[in-house]
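Everything below concerns the one structure shown next.
We did not get these values from a lab; they are worked out from the coordinates using the rules stated. Note that this is a predicted model, so its numbers are computed, not measured. Here the Cβ is made from the backbone with ideal geometry for all residues, glycine too, and neighbour counts use every protein chain on show.
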Amino acid sequence: MALTGLENNDLKLIIFGGKGGVGKTSCAVATAQALSENFKTLLISTDPAHSISDCLEQPIGFNVVKMTGYPNLSAIEVVADQALSRFIAENLAELKKLLDTSTNLDTQDIEEMLSLSIPGIDEVMSFKTIIDFIEEGWYDKYVVDTAPTGHALRLISSPKLLDEWIKVAARMRWKYRYMITSFAGTYEQDSVDTFLLNLKKMVKRIENILRDNTKCEFIPVCIPESMAITETARLLAELGLSGIIPKQIIVNNVMSSEGCDFCIRRKASQRPHLAEIHQIFSDLHETEVPVFAEEIKGREALLQLKIFLFGGPDLVRMTREFMHV
Ligand SMILES: Nc1ncnc2c1ncn2[C@@H]1O[C@H](COP(=O)(O)OP(=O)(O)OP(=O)(O)O)[C@@H](O)[C@H]1O
Ligand SMILES: [Mg+2]
């Protein structure tokens, strides 16, 4: 079976996740390439060890680049530290004022605090970057390649983390507000309050997009091996806790049933795992991708992968070729 529903106009954000090395990047890139045939598409890598540029064989960085040879496809590799530096630079006055009015820190302490890296902030900033793109509305589809499971989960839970931070900041502000009101009798909302309010609105917008399964879809990628299955099950359970329920799964690296002795034995070893995948993930629409002879890199290989992911008139012939059936 092939991936379904990705061409629905309402669906904006498609996130690929899974265990390390199962084919997330290959599937994300081939999907972005396929969608770009009909939609203006932005491929976004949030994996600190970016590999979409290797897969597409074109340089990409932390700026949107148009992909040569794909008229409607652009790509960007989000660099979390740089995203954080940009955020701090854009909001420096408010951040300094927040710390200055709500803590006993002196100017030097504040400078030091703003230069510290806060745990989890990179995922928050990566997600903020994605949401900023969606809100600008330049593209029809945003396809996200993530780093292995833990990172994708932190990315998904980043709005919660940011929300916690805003709550602490708002409490600190409340004390300041109370003090000003006690002395001056009144309190006028200032730029820090507006900054916090805007952040809070952003968190809400991120959560709304993530939980709306008409706008956002998370596609787990798995391979027929026990550790990958266990990790995918854990990923799905944790996604469920954040209100994200995937509809489909990609099962990659499926061996052909015939060929050399090695292929036959590998296929035999995959069979129970494939059965387990059908059973455990029976709620999910399944798309199988065979193991390719070579790594998936460059236009031709990506076009072949696209056929396995999206189906089409060549699928039967390609399946015969790849699976010797
Ligand atoms: N079906 C396949 N057949 C052959 N090689 C494949 C297949 N799928 C992926 N590969 C290759 O396996 C390697 C890992 O794939 P990929 O980079 O897409 O995985 P990943 O899940 O993104 O890995 P990571 O967790 O390191 O980001 C790559 O060299 C890729 O070309
Ligand atoms: Mg990858």
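In segment 211-325, counting only strands (runs of 3 or more DSSP E) that sit wholly within it, the ones holding 1 or more residues that are surrounded by fewer than 17 Cβ atoms within 10 Å (Cβ to Cβ) and away from ligand 1 (no atom under 11 Å from the Cβ) span 285-290.
When L99 is tested against (1) over 25 Å from L239 (Cβ atoms); (2) within 16 Å of ligand 1 (Cβ to nearest atom); (3) not in a loop (DSSP other than H, G, I, E, B), just one condition goes unmet, and that condition is (2).
Filtering segment 37-53 to residues that are crowded, with 23+ Cβ neighbours inside 10 Å, more than 9 Å from ligand 2 (Cβ to nearest atom) and not in a strand (DSSP E or B) leaves only T46. Checking each residue in segment 3-36 for being more than 16 Å from ligand 2 (Cβ to nearest atom) and either among the polar types (S, T, N, Q) or not in a helix (DSSP H, G or I) (or both) picks out L3, T4, G5, L6, E7, N8, N9, D10, L11, K12, L13, S36.
Reported count of residues in segment 67-91, each being within 22 Å of the chain's Cα centre (by Cα) and in a helix (DSSP H, G or I), is 8. Selection of segment 268-325 for residues being of a type in the set (S, T, Y) and under 23 Å from the mean Cα position of the chain (by Cα) yields only T287.
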